[in-house]
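What follows is a single structure, written as structure tokens, with notes after it.
The values are calculated or read from the model by the stated rules, or taken from the named source; none is laboratory data. For clarity, every value in this text was computed on a predicted model and none was experimentally measured. Reconstructed Cβ throughout: ideal geometry from the backbone, glycine too, with neighbour counts over all protein chains shown. Only protein heavy atoms, including side chains, enter the accessible area calculation; ligands, DNA and RNA are left aside. Shrake-Rupley method; radii C 1.70, N 1.55, O 1.52, S 1.80 Å.
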Amino acid sequence: MTSGDFPEGFDRDEALTRLAVQGRLLHLAMTELSTAAASRFGLQVIDQQCAGLLNQTGPMSVGRLAELAGLTPSSVTGVVDRLERRGLLRREPDPHDRRKVVLVPLRSAEIEEAFRPLAQQFQDMYARYDDRELALLNDYLQQMTDHLRAHTATLRTQRPARQP
């Protein structure tokens, strides 16, 4: 079903409830995938997630990786060190600022092979949508990410709940 198709007897409240449940199920499925992939390749979950992010987005600064991964700069340093030791990234001098480094992802044939079937399934799925629908999906995911990050920041600044 595409964005213009509505089933007979469409119920907006039910659709919103289903959307919330599907969002939660997507999060759980992505968590399961990250955990399984990390275990399969001998990585920590956050290391696997950061390596995947770098491979999808390309070279970036340590600070940008920390920002996108929701990590503090000090904790991302450990991730970068471990990924560098595993041969999954290299540090290069930033061509615009010699005081900084750029993280360059390095390909792993083993990891690429493991994810190739999933990547093909995603490409097949994306082919079902026209450009307008893809723009809508991108907007939806961007807004969800922005809202989740903003709420995360709020939770981090609040006092912990009292424990009974």
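Listing for the model above:
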| quantity | calculated |
| --- | --- |
| Hey, residue 15 of a type in the set (Gly, Ala, Ser), open to solvent by less than 90 Å² (accessible area, probe 1.4 Å) and free of Cβ contacts under 8 Å to residues at least 12 places away in the same chain or not | yes |
| Only listed residue being open to solvent by less than 90 Å² (accessible area, probe 1.4 Å), β-branched (Val, Ile, Thr) and more than 17 Å from the chain's Cα centre (by Cα), chosen from 79, 104 | 104 |
| Candidates 90, 98, 132 - the one that is under 20 Å from residue 45 (Cα atoms) and either open to solvent by 50 Å² or more (accessible area, probe 1.4 Å) or touching a His at 6+ places or on another chain (Cβ under 6 Å) (or both) | 90 |
| Residue match in the range 19-36 (condition: touching a residue at least 24 places away in the same chain (Cβ under 8 Å), of a type outside the set (A, V, I, L, M), assigned to a helix (DSSP H, G or I) and in contact with a strand residue (DSSP E or B) (Cβ under 9 Å, 6 or more places away or on another chain)) | no |
| Boolean, residue 72 is among the β-branched types (Val, Ile, Thr) and over 27 Å from residue 133 (Cα atoms) | yes |
